[in-house]
Amino acid sequence: MTGGGDERVRVRHTQFGLKVVFVLAMIGGTVTGVLATAPPTQAATTSPNYYVSLGDSYSVGYQPGRGSTPGYTAVVAKSTGLKLVNFGCGGATTTSLESSTGCPDVLPHTAGVVLYPTTTQEAAAEAFLTAHRGHVGLITVSIGGNDVTACATQANPISCVSTAVAGITKNVTSLAVVLRSAAGPRVPLIGLTYPDVILGSYVYPKQPAPAAAVSLAKLSVVAFKSLINPALTKSYAAGSGSLVDVTKASGAYVPLTRTVRYRPYGTIPAAVASVCSLTWFCAQGNIHATTKGYTLIGRLVVARYKTMRRD
């Protein structure tokens, strides 16, 4: 009797043990399943998902007669899969970006628009980056063009640009450092320069262009290549950022002796034909990019972004 009782006890213990093992196995499987699915959920929570844009009317894709258009930021957002957060403001300068409250020229339908009526563009962007640190995948800045626009009408445009560049360097360097500090060390920061629209003076407002217009167009290439873009390159580097030379990519540095036939102007410098295609200057005297121009800029940003992500 004692031996049989012991056997029954052992059987009950064995059955109980099997049940415990089975339950633990189920629990373990459930936990394992939870743990297996946790990393993607956690990764989705902590992975970058915002694209922050700052700057002037180029950053909001302005086109004459159309207002704000998708512009280059839409190309970038679509390619990167990042959600656009756009602080851009038409007419912004490197000074107003850091010192003027609000945006006096908020364009309707701006993609990803953020309003900041009680603070500056720089401060608003800094606050967003700080609040979403670790969730921002890219920052782009288009600024500086409005700082030098007036130089085209000055008696000595190169001297005017040289003076303006001193302010651009100071302001953009400060901006780049602020953005880097707020975003963290690994977020790609990409600054942009502009197509050299003044090359369009070869055909706008009249053709053939007078000698003064041709001279101004030639000087504009010098201004971008030797003054503006080197200053911007150095300024963004101060915040571990990179400058995309849109001026070069849009053909401005091609020697003006190289010509092409381009409707409706006939034979003109290839650099001029390029700016006529990529901006509204030749047709309307307007400095903004066409859809083709913004698309080019967007693709340049995406290419640089991919390079910076690998580094």
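Return the pairs, sorted by first residue and then second, in which the second residue is surrounded by fewer than 21 Cβ atoms within 10 Å (Cβ to Cβ) and in a helix (DSSP H, G or I), the first residue lies in region 122-148 and is on the phi > 0 side of the Ramachandran plot, the beta carbons are less than 8 Å apart, and the residues are 6+ apart or on different chains.
Close Cβ pairs (under 8 Å, with a partner that is surrounded by fewer than 21 Cβ atoms within 10 Å (Cβ to Cβ) and in a helix (DSSP H, G or I)) amount to 134/46.
Restricting to region 73-120, name every residue that is surrounded by 21 or more Cβ atoms within 10 Å (Cβ to Cβ), among the hydrophobic types (A, V, I, L, M, F, W, C) and more than 16 Å from residue 50 (Cα to Cα).
89, 92, 97, 103, listed by residue number.
Starting from residues that are in a helix (DSSP H, G or I) and buried (at least 24 other Cβ atoms within 10 Å of the Cβ), keep the ones in region 288-300 and report whichever is farthest from the chain's Cα centre (by Cα). It would help to see each step written out before you state the result.
Restricting attention to region 288-300, the residues satisfying the condition of being in a helix (DSSP H, G or I) are 291-300.
Right, trim to buried (at least 24 other Cβ atoms within 10 Å of the Cβ) and you get 293-294, 297.
Working: 293: 15, 294: 12, 297: 9 Å.
If we take residues in region 288-300 being in a helix (DSSP H, G or I) and buried (at least 24 other Cβ atoms within 10 Å of the Cβ), then 293 is farthest from the chain's Cα centre (by Cα).
Take region 149-176 and flag every residue that is of a type in the set (S, T, N, Q) and touching a residue at least 24 places away in the same chain (Cβ under 8 Å).
The answer is 149, 162, 169, 171, 173, 174.
Among the residues in region 90-107, are any within 21 Å of residue 295 (Cβ to Cβ) and either among the charged types (D, E, K, R) or in contact with a helix residue (DSSP H, G or I) (Cβ under 6 Å, 6 or more places away or on another chain) (or both)?
The answer is yes; a qualifying residue exists.
For residue 123, indicate whether it is within 22 Å of residue 241 (Cα to Cα), part of a helix (DSSP H, G or I), small (Gly, Ala, Ser) and open to solvent by 40 Å² or more (accessible area, probe 1.4 Å). Let's see the steps before the verdict.
Numbers: within 22 Å of residue 241 (Cα to Cα): yes; part of a helix (DSSP H, G or I): yes; small (Gly, Ala, Ser): yes; open to solvent by 40 Å² or more (accessible area, probe 1.4 Å): no.
Here the answer is no, as residue 123 does not meet what is asked.
From the set of residues in region 127-144 that are in a helix (DSSP H, G or I) and more than 15 Å from the chain's Cα centre (by Cα), which is surrounded by the most Cβ atoms within 10 Å (Cβ to Cβ)?
By that ranking, first place goes to 128.
Let me confirm something: among 171, 156, which residue is more than 26 Å from residue 71 (Cβ to Cβ) and out of contact with any Phe, Trp or Tyr (no Cβ under 6 Å at 6 or more places or on another chain)?
156 is the lone residue from the list that is more than 26 Å from residue 71 (Cβ to Cβ) and out of contact with any Phe, Trp or Tyr (no Cβ under 6 Å at 6 or more places or on another chain).
This table checks each residue for (1) under 27 Å from residue 93 (Cβ atoms); (2) touching an Asp or Glu at 6+ places or on another chain (Cβ under 7 Å).
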{"residue": "167", "(1), (2)": "yes, yes"}
{"residue": "176", "(1), (2)": "yes, no"}
{"residue": "182", "(1), (2)": "yes, yes"}
{"residue": "194", "(1), (2)": "yes, no"}
{"residue": "236", "(1), (2)": "yes, no"}
{"residue": "253", "(1), (2)": "yes, no"}
{"residue": "262", "(1), (2)": "no, no"}
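The values are calculated or read from the model by the stated rules, or taken from the named source; none is laboratory data. Quick caveat, the model's predicted, so the values are computed rather than measured. Backbone-built Cβ (ideal geometry, glycine too); neighbour counts: all protein chains shown. These area figures cover heavy atoms from the full protein model, side chains too; ligands, DNA and RNA do not enter into them. Shrake-Rupley method; radii C 1.70, N 1.55, O 1.52, S 1.80 Å.
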